[in-house]
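The values are calculated or read from the model by the stated rules, or taken from the named source; none is laboratory data. Just so we're clear, the structure is a prediction, and the values are computed from it rather than from any experiment. Counting neighbours? That spans all protein chains shown, and the Cβs are built from the backbone with ideal geometry, glycine included. The protein model used for the area step is the full one, side chains on, heavy atoms only, and it has no ligands, DNA or RNA in it. Shrake-Rupley method; radii C 1.70, N 1.55, O 1.52, S 1.80 Å.
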Amino acid sequence: MAKETVRVLVTGAAGQIGYALVPMIARGVMLGPDQPVILHMLDIPPAAEALNGVKMELVDAAFPLLKGVVATTDVVEACTGVNIAVMVGGFPRKEGMERKDVMSKNVSIYRSQASALEKHAAANCKVLVVANPANTNALILKEFAPSIPEKNITCLTRLDHNRALGQISERLNVQVSDVKNVIIWGNHSSTQYPDVNHATVKTPSGEKSVRELIKDDEWLNAEFITTVQQRGAAIIKARKLSSALSAASSACDHIRDWVLGTPEGTWVSMGVYSDGSYNVPAGLIYSFPVTCQNGEWKIVQGLHIDEFSRKKLDLTADELSEEKALAYSCLS
Ligand SMILES: NC(=O)C1=CN([C@@H]2O[C@H](COP(=O)(O)OP(=O)(O)OC[C@H]3O[C@@H](n4cnc5c(N)ncnc54)[C@H](O)[C@@H]3O)[C@@H](O)[C@H]2O)C=CC1
Ligand SMILES: O=C([O-])CC(=O)C(=O)O
């Protein structure tokens, strides 16, 4: 039997991530090759003409799974009936800025869009915030949409997770698909902690730990971590624009695994509302290792956290607490 059509909202759809993301969704990369979709695309009036151009290209591409396109600058029309909301709209940082430098502009957008989603989205709508500062925008969205269950509001750290997999695979000269269970803890910022202590690689002689194979703790505890933390800035330096295709692809990975489930024995990183696991303060949107089943994520429990890691988990939590305070000061 054909599946019921799913409505997917992409905000900031005329921007560069939007341009990479909407064709992926229309091709089934996000929700599967048998899932029909209707795309809702929102942008602001100065981008209306460009947004219409994206809509024209979607029509021209004749995607079999694409059952309709709503392209609008009206937030209510954009949010009405959506099952999945990917929040990309906002102001990206430029070279030399930290992600929190775009705070005041973006938190006020997320506050107003929270209300529209709360009132008009489908019940049980799943929300992924991509726009920076991603964790804090998601927290603001959660606080100003109290009737959306907190488990439905997440932010993107899958790009950082995928970057960590990529660095390990390059270093070991193995397929990226054979590396798994890295963890991104904390903020989608330069304080995030990419942790390989539980990561493994599939080898012809079975699964081996990444530390055992790399045999270079100095590299793993320093250069590897800063490379992943600074990758966004490195892309901006190289492209003069922030990452787009990798962000779009990772957003698809995030939603796909959330909706369709993570493979047995594999976890992924998602920014989710902290329940105090691993002594991370409750009330922050913090990136944890999660597994997903039946459309629900669950934080992986019981992983050993050594002293080095503990400090890093706390440092990025402290930054998120500061961001939360700063966001509230921008709103008042
Ligand atoms: N979490 C992550 O891993 C990543 C996050 N990002 C963030 O994603 C966001 C988007 O990046 P790009 O697509 O490169 O930026 P962009 O500037 O190309 O596109 C942003 C779009 O949002 C639109 N927009 C602005 N205000 C809006 C509003 N109130 N409602 C709807 N649309 C609005 C703009 O008109 C523009 O079309 C940025 O905040 C960027 O920093 C980027 C890469 C990775
Ligand atoms: O660095 C930026 O501003 C864009 C981003 O979030 C990333 O590439 O991780």
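For this structure, a couple of remarks:
- For A199, distant residues with modelled amide H under 5 Å away: V210
- In a reduced charge model with +1 at each Lys and Arg Cβ and -1 at each Asp and Glu Cβ, the chain shows a dipole moment near 420 debye about its Cα centre.
- Computed lengthening from E264 to M24, 0.36 nm per intervening residue step minus Cα-Cα distance: 83.9 nm
- Derived scalar couplings between HN and Hα for the range 153-162 equal 10, 9, 10, 7, 10, 5, 5, 5, 4, 5 Hz in order, rounded to whole Hz, by the Karplus curve 6.51 cos²θ - 1.76 cosθ + 1.60 (θ = phi - 60°), x for Gly and Pro.
- Close amide H contacts of V129 (hydrogens built in the peptide plane, cut-off under 5 Å, sequence separation of 5 or more or a different chain): M87, T154, C155, L156.
- Per-residue ellipticity at 222 nm from helix content only, as computed over the chain with -39500 (n - 2.57) for each DSSP H run of at least four residues, stands at -13000 deg cm²/dmol.
- Spherically averaged projected area in nm², based on the convex hull that wraps the Cα atoms of the range 144-276: 9.8 nm²
- Angle in degrees between helix 103-120 and the longest Cα principal axis of the chain, rounded to the nearest 10: 60 degrees
- Carbon-plus-sulfur accessible fraction, the range 204-332 (probe radius 1.4 Å, protein heavy atoms only): 53%.
- Placed amide H near V70: partners under 5 Å, 5+ positions off or other chain: L39, H40, M41
- Selection among I109, L51, H161 by position relative to the dipole of the chain gives L51 as farthest towards the positive end (Cβ unit charges, Cα centre).
- Of V70, M30, I183, farthest towards positive along the dipole that unit charges on Lys, Arg, Asp, Glu beta carbons give the chain: V70
- Acute angle (nearest 10 degrees) that the helix 16-26 long axis makes with the longest principal axis of the chain, alpha-carbon atoms: 80 degrees
- Computed from the Cβ-Cβ distance with R0 of 22 Å, the FRET efficiency linking V176 to K298 stands at 0.35.
- The residues of the range 15-105 present an accessible area of 47 Å² per residue when probed at 1.4 Å with all protein chains retained.
- When peptides 46-56, 78-88 are sorted by average Cβ neighbour count within 10 Å, with the highest value leading, the order is 78-88, 46-56.
- Computed from label points 7 Å out along Cα-Cβ, the spacing between E212 and S169 is 2.2 nm.
- Volume of the convex hull of the range 245-292 (Cα atoms only), normalised per residue: 81 Å³.
- In sequence order, the range 311-317 has phi-based couplings of 4, 6, 4, 6, 4, 6, 5 Hz under the Karplus curve 6.51 cos²θ - 1.76 cosθ + 1.60, θ = phi - 60°, and Gly or Pro positions carry x.
- The range 55-182 - Debye-derived log10 I(q)/I(0), Cα point model, q = 0.12 Å⁻¹: -0.61
- Extent along principal axes [Cα atoms of the chain; Å; largest to smallest]: 53, 49, 38
- Integer Hz, Karplus 6.51/-1.76/1.60 couplings in order for the range 192-201, x for Gly and Pro: 3, 10, x, 10, 10, 4, 10, 7, 9, 10
- At q = 0.21 Å⁻¹ the log10 of I(q)/I(0) for the range 1-131 amounts to -1.25, computed by Debye summation with a single uniform scatterer per C-alpha, solvent ignored.
- The angle between the Cα long axis of helix 48-61 and the longest principal axis of the Cα atoms of the chain comes to about 80 degrees, rounded to the nearest 10.
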